[in-house]
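Presented below is the structure to which this report refers.
The values are calculated or read from the model by the stated rules, or taken from the named source; none is laboratory data. Source: prediction; values computed, not measured. Cβ atoms come from the backbone with ideal geometry, glycine included; neighbour counts cover every protein chain shown.
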């Protein structure tokens, strides 16, 4: 029986790989200019820098790779934080990463636009500081999931208020900031791919070493303590990896919500709660869902391009309500 269950999980993971490949091929083909697969093949094998080759290699391919990595990062970050907080509603935004990154980015883009090239680094630092503040406020003879959630809500409210205030005071300049605040893959180049690939590789490899720790935390504090586990240490380690993955993603593409919330939920419904399977599946599923969302965002109202963060909110909101109604959350 257990062999059949494992075999089924392997089939689900293989199917998710095939699904990701399908979305990659679909995303390469679709856009403001649609290509046949024969035309795509000719552009890739042709060494001359034609307009087709330039669009496919220097515009679409980097964007696709960024979407894949960001989707994987946010999904894994959400899965790890749900284990840390023992709460299926936990997502990277709850730690203050998104709010901290958003506030710092808006400060630079509105007040110091000449330093806009520093936004990725500054956003990452801002998200890290906000998360550190959440955990400092939550610490009282150890870290309890409920205190993390309450501290996260408070920090998000404070930083969100600062973001709203700046948006009102500098409403004449806000147009150029909206794309980043709503999360977008537009304009991503090979330089973004290289930077994100290095940090994503490190973060995702570290997350695989967290599988056993995440499974133990799911048992609850009392059971974990009976096993001789330092739950505070495990929570801090998993949180650091999750915040790192969420921070680098937010710094590169802006704020994209709901991926870290809905992907682990879907993964649990399809493959169970064992992080040995849940984490790899979340990587593939997160990549597929965000790539699908970005493809839809840039084609549904072409030539106008929507931020993928808006699309994910439209998809994620109803799914979240469905979970509540079904008693899954």
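The table below lists the values:
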| read-out | value |
| --- | --- |
| Subset of the stretch 167-185 (residues that are crowded, with 17+ Cβ neighbours inside 10 Å and assigned to a loop (DSSP other than H, G, I, E, B)) | 177, 182, 183, 184, 185 |
| Test for residue 191: is it surrounded by fewer than 19 Cβ atoms within 10 Å (Cβ to Cβ), out of contact with any strand residue (DSSP E or B) (no Cβ under 9 Å at 6 or more places or on another chain) and closer than 27 Å to residue 287 by Cα | yes |
| Output for the stretch 203-221, where each listed residue is under 19 Å from the mean Cα position of the chain (by Cα) and in contact (Cβ under 8 Å) with a residue 12 or more places away in the chain | 203, 204, 206, 207, 208, 210, 211, 214 |
| Residue within the stretch 194-204 that is in contact with a helix residue (DSSP H, G or I) (Cβ under 9 Å, 6 or more places away or on another chain), assigned to a loop (DSSP other than H, G, I, E, B) and within 22 Å of residue 277 (Cβ to Cβ) present | no |
| Enumeration of residues in the stretch 276-329 that are more than 20 Å from residue 188 (Cβ to Cβ) and modelled with pLDDT of 90 or more | 276, 277, 278, 279, 280, 281, 282, 284, 285 |
| Entirely in the stretch 22-116, the helices (runs of 4 or more DSSP H) that have 2 or more residues that are surrounded by fewer than 24 Cβ atoms within 10 Å (Cβ to Cβ) and without any contact (Cβ under 8 Å) to a residue 12 or more places away in the chain | 37-45, 51-55 |
